[in-house]
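Scroll down for the structure; my scribbles are underneath it.
Quick note: the coordinates plus some simple rules give every number you see, no bench work behind them. Quantities reported herein were computed from a predicted structural model and do not represent experimental measurements. Quick reminder, even Gly has a Cβ in these numbers, built from the backbone with ideal geometry, and neighbours come from all protein chains shown.
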Amino acid sequence: MQRSLGTCYYPEHWPKEVWADDARRMADAGLTWVRIGEFAWKRIEPSEGEFEFDWLDEAIDVLGKAGLKVVLGTPTATPPKWVLDKYPDMLAVDIEGRPRRFGSRRHYCFSHQGYIEQCRDIVTRLAKRYGSNPYVQAWQIDNEYGCHDTSLSYSDAARRGFQEWLRSQFPGHNNNGDIQALNKAWGNVFWSMDYAYFEDIDLPNLTVTEPNPAHVLAFRHYTSDQIVGFNQAQLEIIKRHSQVPVTHNYMGRITDFDHFKMGSEMDFASWDSYPLGFLEDRVGATIEDQKHYARQGHPDFQAFHHDLYRAVGKGRWWVMEQQPGPVNWAPYNPAPLDGMVRLWTWEAFAHGAEAVCFFRWRQAPFAQEQMHAGLLRPDSVAATGLKEAQQVAQELASAPTVSPNQASVAIIFDYAADAAWDIQPHGQGLSYFGLVFDCYCALRKLGLSIDFLSAESRDFSAYKLVLAPGMMHMPNDLKQALAESESQVILGPRSAARDTHMTIPTPLPPDLLPGLDVKVTAVQSLRPDLPTPLSKVGAIIGYQESLESNAEVVLSSTDGHKVAVKHSNMLYLGAWLDQLGFMNLFESCCTAVGVSTVHMPEGVRRRLTGHEEFWFNYNPQAIETILGKINPADFIKKEFLEKP
């Protein structure tokens, strides 16, 4: 698999006179890819039916003749004002019932059929015109679904669409819908919430107190299907006219639609990586970690998404936007430590990225992102990020390819579980993403490489250890497949805790069909300042279950409660543990199945490819390791003939 670099460029922002020089400088810097067009709808179609393609034709020609490959974006994330004038009700509506308004981006509702048709028109025209252009070597659909809290829309279009979607979920006779089946599944007898007709069902916002969790979960699933369908409509058009790969650029910790469903039809996945912005905005790091990693980013957050999107992309993935300097949107926006742009880029390659594209080529001197750094300053002088990108380009000359690594450990990641936890966290600050991320961090601290699997996976033969923490609903065939696998399986907490409609099932969870005898009889959430010590090392934090079981107890608390029980290859963990607790448990499981671990120094992480071993130092100071000293914001890479 070839490794390459790229950037994001906006020719419509700059005079035509600089395009050729920009393209030459990109090529001279060692860049291969350039993404354009994803926000240019107004320049392409100034008014309905009036098209101006000449400038885009010329930009693609200039870039291509300089030896660059173009990723062409569909511009549907930024509908121009004339589209809104045509469809005044196309705006997304927030949970408080307020329309999002024009003047920024992503100001559309995924359920608005008129807007979807307008998107089909512009995408069709682009695909017909550029589908066979030799310089257009990839497509990006839209931009960053869900960014700025724009997945869920409480508009009239969404309400009507949701009602029809529910009718299809409860079809009844002649597919007219069985409203009584919905009432039963949702438990609407509670608080006299029974509906007589599907048309009676409103959206789950602006209720006096919390809405029915089954209602909210259904709306989350509906919204996910709408986003997937919106993307699919564009994908089908592009595929009719072009043979080159198609992607969408996902975001960090945006989990309110099913990326696996969307990715199943795409050619590769990509995501936008902003380590310093994410540190304070999305990671959930402690104040101490925010200070320690302020100029480096969290040592596991980027890697988590690299591994997740590799799974979403079925093995093929890119970083479509890589932070090259300070961003403009986080609570604080420091400059990366010298060397970090290079480190982030190489870490992406170590996790299997085909390309890393830096956002953006030149810093904009105007509008919302004028404080967001680029590879060039606004005056076109090279910024620090460009120098580090050029260094990576030179280094790639001796290491142009990466071979995939088969990890021994896998985590099942389930977007539906994330929705269920979000609806019913049971404790402040508790989330599915947070639980899975904590497990991932503990595994990485043991020097392990990790693969992610979708909730649809049933073949676990490649893995010695499989985790499915917090997977709120687990279909019986998944439980069966896990129990019959040769992998060591770790479930819980809250695995199989609800049915598909957020009801506590009977027999009580987790109801593991064959094998492990365990029952969750009660649950509690814990104050963050009142952890429960474990009998070995570490503590229970946040969430704890009472377990009734005759199976082997492998972990207990100091007050005598069962925390983890095991039978055969199945282990159930009834608590959210701190890092010491998770590491101790996971290490014992790894030892039992023959997976070797290495306790990593604080802030240092290890990653194996098919023929390389990387050790990355996320600390602001040099660290001594068993491979030698690693300077701050630097890494050690060694090649091997056989996997250690």
*Based on the mean of other Cβ atoms within 10 Å per residue, sort peptides 431-438, 144-151 so the most packed one is first.*
431-438, 144-151
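To the nearest 0.05, how large is the calculated FRET efficiency for LYS314 and GLU236 if R₀ is 25 Å and r is the Cβ-Cβ distance?
Efficiency, from the Cβ-Cβ distance: 0.85.
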*Which of PHE110, THR609, LEU508 sits closest to the plus end of the dipole of the chain, meaning its Cα is farthest towards the positive end, when Lys and Arg get +1 and Asp and Glu get -1 on the C-beta?*
THR609
*Kirkwood Rh, angstrom, the range 410-535 [1 / mean 1/r, Cα pairs]*: 15.4 Å
_Starting from a Cα-only point model with no solvent, please compute log10 I(q)/I(0) by Debye for the range 137-193 at q = 0.16, 0.26, 0.27, 0.29 1/Å._
-0.72, -1.03, -1.05, -1.09
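Kyte-Doolittle mean at least -0.5 and Cα extent at least 30 Å along the axis: which DSSP H helices of the chain qualify?
Working: long enough: 213-241 (43 Å, -0.27).
Taking the DSSP H segments of the chain (at least 30 Å long, mean hydropathy at least -0.5), we get 213-241.
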*Of the beta bridges DSSP finds with both residues in the chain, what % are antiparallel, to the nearest 5?*
50 percent
_Can you give me the C-alpha center-to-center distance between the range 594-644 and the range 108-127, rounded to a whole angstrom?_
47 Å
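Given the pairs LYS69/LYS638; LYS536/LYS566; LYS479/LYS566, which are separated by over 19 angstrom at their Cα positions? Write out the running numbers ahead of the final one.
On the way: LYS69/LYS638 31 Å; LYS536/LYS566 17 Å; LYS479/LYS566 15 Å.
Violating the 19 Å Cα-Cα cut-off are LYS69/LYS638.
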*Which Cα, out of ALA575, GLY263, ALA399, lies furthest along the positive dipole direction of the chain (beta carbon charges, K/R +1, D/E -1)?*
ALA399
*Give, as a single signed number, the net charge of other residues whose beta carbon lies under 11 Å from the beta carbon of TRP55, with Lys and Arg counted +1 and Asp and Glu -1.*
-4
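Quick check for me: using +1 on Lys/Arg Cβ and -1 on Asp/Glu Cβ, what's the dipole size of the range 156-215 about its Cα centre, in debye to the nearest 20?
Dipole size: approximately 140 debye.
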_For a quick check: sort SER104, SER485, SER192 by the number of other beta carbons within 10 angstrom, fewest at the front._
SER192, SER104, SER485
*So what is the calculated 222 nm ellipticity per residue for the chain, using -39500 (n - 2.57) for each DSSP H run with n of 4 or more, over all residues, to the nearest 500 deg cm²/dmol?*
-9500 deg cm²/dmol
*In whole Hz, with x marking every Gly and Pro, tabulate ³J(HN,Hα) for the range 453-465 from phi via Karplus 6.51 cos²θ - 1.76 cosθ + 1.60, θ = phi - 60°.*
10, 7, 5, 8, 5, 9, 9, 10, 5, 7, 10, 8, 9
*List VAL319, VAL208 from most exposed to least, where exposure is judged by having the fewest other Cβ atoms within 10 Å.*
VAL208, VAL319
*Roughly how big is the chain's charge dipole about its Cα centre, with Cβ charges of +1 (Lys, Arg) and -1 (Asp, Glu), in debye to the nearest 20?*
940 debye
*Order by protection proxy (mean Cβ within 10 Å, highest first), peptides 458-469, 551-562*: 458-469, 551-562
